[in-house]
Structures are given as structure tokens and as C-alpha cells.
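The values are calculated or read from the model by the stated rules, or taken from the named source; none is laboratory data. Computed from a prediction, not measured in an experiment: that's the story for all the values here. Please note: Cβ atoms are built from the backbone with ideal geometry, for glycine as well, and neighbour counts cover all protein chains shown.
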């Protein structure tokens with residue numbers, strides 16, 4: 001079993017003490033995001049093939065990675081580094097600090113242990129296409145040698161995404177848009193070329209029409225082949241079906257929606273940052289469950 005921790009929230013940045021306690025006790029209870037009973041998931045070492053960690057800030061979690069490595073439990077870090085203005089990325093660590101963390105993972109565990117995510121690409125008056133090309137090229141140079149793949153995607157505009165972007169735009173005086181297919185293809189193709197020049201494999205996450213048009217690889221964010229390389233042994237998992245066009249291997253996610261206080265305006269996993277901050281404040285690291293059962 002592959003454990004995803006977590007595409008629903010940033011466990012390494014905010015919930016490391018809870019994760020370490022769950023690891024020691026060998027189980028976690030995961031809330032059903034659609035209602036119904038919790039799912040109990042074993043974290044016993046003999047049950048785990050490996051971990052996929054998703055984060056904007058790995059620094060608090062580095063001692064836990066060392067523990068997992070000492071126990072022979074392989075992991076891959078999906079590290080999002082965008083360098084967006086604060087009006088869009090409210091409270092993430094600076095891109096330079098995130099790049100240093102990615103480099104540290106590569107130094108300690110090898111370049112196959114981490115993937116850079118420039119994801120999602122947000123089109124706004126603060127981040128037009130030429131800004132993305134320049135920003136991406138600088139970051140690609142900075143991460144050279146620390147990883148071998150970069151995952152791209154354009155922001156998916158859900159109702160909550162639109163609401164949060166509209167609120168931020170009104171507050172900070174910028175505009176945003178969902179570009180045309182042609183505009184997306186042109187920018188993604190340009191970013192893909194920059195990535196290849198920097199020695200990175202560009203891959204597109206769950207957007208097949210754009211992927212084919214741009215000539216990019218299909219991303220497998222939960223990648224059992226990469227995890228096998230890190231582990232030095234074969235790890236094989238079935239395919240997932242939780243999202244159309246998703247190429248991920250099957251995994252069990254142990255996070256919870258509406259619990260990440262980073263405040264990224266485009267985030268699909270948070271409806272309201274104030275609610276997420278409240279739930280984080282109420283969080284009990286000793287609980288088997290990430291969040292308390294009832295919260296506004």
C-alpha cells in the first residue's frame with residue numbers, strides 16, 4: 001500500500017507531529033470527505049510500500065524523513081515551488097528556501113526522491129505569460145541537479161477557486177483569467193522547452209488534451225516506478241480512478257480537506273482560509289484523526 005500524505009493538505013508543513021505519532025502507533029483514521037464512517041488505515045511498516053509527501057515547506061518534516069529512511073520506508077516528495085507574489089500565495093515559504101529544501105532532499109536521498117511542481121499555473125495581471133517564462137526559467141536553473149522532473153498544470157477553476165481568486169483580486173487590485181486553450185498550449189510548450197534545456201522532464205498533471213497538444217509527458221504524481229527506484233526494489237500498485245486523466249498509481253490519502261492554512265488563492269482543497277486556520281488551531285496531534293469531528 002502506498003500512502004499519500006497528502007494532496008488534501010500540507011502534512012509536512014503543519015501536521016508533522018501528528019504524522020509521527022500515527023507512525024509510532026501504526027494506524028490512522030481518515031475522515032470520508034463525502035460523509036459516512038471513518039476509514040482505519042494501518043501504518044504498520046509491513047503494510048506500507050512507501051509514502052508520497054506533498055508540500056510547500058518540508059523543513060519541519062526533515063527529521064521524520066530521516067526516521068523513515070532509517071526504517072527502510074521509501075518516500076517521494078512532491079515539492080511545490082512557484083515563487084508567486086504574496087497576493088496569490090499568501091503564506092508559503094520563499095521560493096529560495098523551498099529550493100534549498102529540495103536540494104537537501106537530493107543530497108540526502110538522491111534526485112529520484114523528489115519532484116518539483118510548478119503547479120498550478122495561474123494567469124493573472126501579476127503573473128502574465130512572459131512573467132511565468134522568466135520565473136520558471138530562474139527556478140529551473142536553481143533546482144538543477146536536485147530533481148529530474150517538473151510537474152505542470154493550469155489552474156482548475158472550480159466554484160471555490162473562483163470565489164477565492166475573486167476575493168484576493170479585489171483585495172490586492174489585480175485581475176485573473178482562465179486562458180484560452182491556445183494560450184495554455186503556447187505557454188506550456190514554452191515551459192516544457194525551458195525544462196528540457198535545464199535537464200528536467202516536463203510532465204502535465206491530469207490535463208490530457210493539453211498534454212497531447214504540448215507534447216508533454218503525462219504526470220504520475222503517485223509513481224510506483226519512481227518509488228521503486230528510491231526503494232531499490234520493485235513496488236507495483238494498480239491504477240487510481242479518483243480523477244479523470246489521472247495517471248497515478250493507487251494510494252490511500254490520509255489528509256483532510258479544508259485544513260491547510262497556507263492560503264493559496266487557487267487551492268482546490270480549501271474553501272475558506274479562515275476555516276482552515278481554525279481547524280488547524282483546533283487540531284490535536286495525539287488524535288487518531290487529523291481533524292476533530294465537528295468544526296465550523
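Can you spot a residue in segment 196-209 that is touching a helix residue (DSSP H, G or I) at 6+ places or on another chain (Cβ under 9 Å), in a loop (DSSP other than H, G, I, E, B), in contact (Cβ under 8 Å) with a residue 40 or more places away in the chain and over 28 Å from residue 111 (Cβ atoms)? No, segment 196-209 contains no residue that is touching a helix residue (DSSP H, G or I) at 6+ places or on another chain (Cβ under 9 Å), in a loop (DSSP other than H, G, I, E, B), in contact (Cβ under 8 Å) with a residue 40 or more places away in the chain and over 28 Å from residue 111 (Cβ atoms). All of (1) over 17 Å from residue 154 (Cβ atoms); (2) assigned to a helix (DSSP H, G or I); (3) free of Cβ contacts under 8 Å to residues at least 60 places away in the same chain hold for residue 132 with one exception: (1). Among the residues of segment 167-183, write down those that are closer than 11 Å to residue 265 by Cβ and surrounded by 13 or more Cβ atoms within 10 Å (Cβ to Cβ). Once the filter is applied, which keeps residues that are closer than 11 Å to residue 265 by Cβ and surrounded by 13 or more Cβ atoms within 10 Å (Cβ to Cβ), segment 167-183 yields 167, 168, 169, 172, 174, 176. Of the candidates 281, 286, 269, the single residue that is at pLDDT 90 or above and within 19 Å of the chain's Cα centre (by Cα) is 269. Looking across segment 178-194, just one residue is within 22 Å of the chain's Cα centre (by Cα) and not in a helix (DSSP H, G or I), and that is 178.
Among the helices (runs of 4 or more DSSP H) confined to segment 1-115, the ones with at least 1 residues that are surrounded by fewer than 21 Cβ atoms within 10 Å (Cβ to Cβ) and more than 21 Å from the chain's Cα centre (by Cα) are located at 16-25, 62-70. Suppose we keep only residues that are assigned to a strand (DSSP E or B) and surrounded by fewer than 21 Cβ atoms within 10 Å (Cβ to Cβ) within segment 222-252. Which one would you say is modelled with the lowest pLDDT? By that ranking, first place goes to 239. Within segment 23-38, if we keep just the residues that are out of contact with any helix residue (DSSP H, G or I) (no Cβ under 6 Å at 6 or more places or on another chain) and in contact (Cβ under 8 Å) with a residue 40 or more places away in the chain, the residue that is farthest from residue 7 (Cα to Cα) turns out to be 25.
Residue under question is residue 217, and the condition is that it be without any contact (Cβ under 8 Å) to a residue 24 or more places away in the chain and either more than 20 Å from residue 83 (Cβ to Cβ) or crowded, with 16+ Cβ neighbours inside 10 Å (or both); does it hold? The answer is yes for residue 217. Would segment 99-112 turn up any residue that is more than 26 Å from residue 218 (Cα to Cα) and touching a helix residue (DSSP H, G or I) at 6+ places or on another chain (Cβ under 8 Å)? Yes - at least one qualifying residue is present in segment 99-112.
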